Amino acid sequence: MDRYRKWGWGLGIATITAVSSFAIASWQANAAPSTSPTAAPTAEQARVSDPSPVPEAASGTGSDPLTTSEVDKARAAAVTPALAASAEDVTGKTGPEYLAAELDADGSRQAELYYYDYKTEKLYKQVIDLTTGKLVKSYAATGMQPPASPQEAKVALELLVADPLSADFKEAYHKATGKTLDGTTGLEPIAHIYTAKPADQGASQCGKSRCVQLIVKTADGHFINVTDLVVDLSGRKVARLK
């Protein structure tokens with residue numbers, strides 16, 4: 001399914017999740033009553049081979065998905081010295097926050113890389129020609145909020161746990177696990193971008209600022225819904241929706 005919207009640039013990001021299914025074969029043996037005490041021979045158990053995975057190619061062709069090597073190559077070219085020096089990521093470190101990489105929609109071997117600059121609240125799209133390894137196009141816009149990166153989800157959880165508004169979350173964690181929450185170790189945050197609605201109170205800045213809501217998975221498989229709270233990653237604060 002698509003994780004990204006179409007942006008004002010006229011270009012979009014689409015992430016397609018392929019779902020594979022495995023068919024399990026079953027059989028039924030029917031035998032007539034036997035007058036002999038001799039047991040029927042046991043059939044040899046079927047064996048399934050487990051071949052080693054084929055090594056990933058260094059580069060793709062046509063509309064093949066980007067390979068790991070291609071993404072690494074594109075990322076090295078996408079962050080220009082100027083962008084690296086002026087932008088900030090979600091932790092406040094120098095350099096923009098990397099969000100995603102996709103193949104150009106027209107099927108050419110060009111990579112579209114998306115970054116967020118927390119200093120200017122701008123989304124950057126850097127287009128890299130994978131043949132030459134050079135930046136060929138660059139776009140920047142405000143008010144665009146693609147899905148959160150793993151690092152953004154991690155930082156959002158840290159901000160939540162450190163905030164007094166996390167009291168209900170900590171109580172829900174204790175009820176679900178029987179344990180007292182001690183930090184974020186073992187927790188898996190699932191972050192969804194939040195954009196303020198007209199009637200919102202408490203998080204009206206979200207959309208201009210980068211905000212997320214969280215669902216948290218515990219180490220033993222429980223899911224705790226924390227979507228009544230919004231974590232403003234830009235302002236590094238937590239607000240309760242009203």
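Filter the cross-link list Lys73/Lys125; Lys170/Lys237; Lys170/Lys217; Lys175/Lys197 down to pairs whose alpha-carbon distance in this structure exceeds 24 Å.
Checking Cα-Cα distances, Lys175/Lys197 exceed 24 Å.
For the stretch 96-242, what % of the accessible area comes from carbon and sulfur atoms, probe 1.4 Å? Provide the component values of the computation, followed by the final result.
Details: 3580 of 7050 Å².
After summing per-atom areas, the C and S share lands at 51 percent.
Mind grabbing the base-10 log of I(q)/I(0) for the stretch 119-170 at q = 0.18, 0.22, 0.26 Å⁻¹? Debye formula, identical points on the C-alpha positions, no solvent, two decimal places.
Each listed q corresponds, in turn, to -0.79, -0.92, -1.00.
Could you tally the net charge around Ser138, taking each other residue with its Cβ under 12 Å from the Cβ of Ser138, Lys/Arg +1 and Asp/Glu -1?
Local net charge: +3.
The values are calculated or read from the model by the stated rules, or taken from the named source; none is laboratory data. Everything quoted here is computed from the prediction, not taken from an experiment. Using ideal geometry, Cβ is built from the backbone for each residue, glycine included, and neighbour counts are taken over all protein chains shown. Note: areas computed on protein heavy atoms with side chains; ligands, DNA, RNA excluded. Shrake-Rupley method; radii C 1.70, N 1.55, O 1.52, S 1.80 Å.
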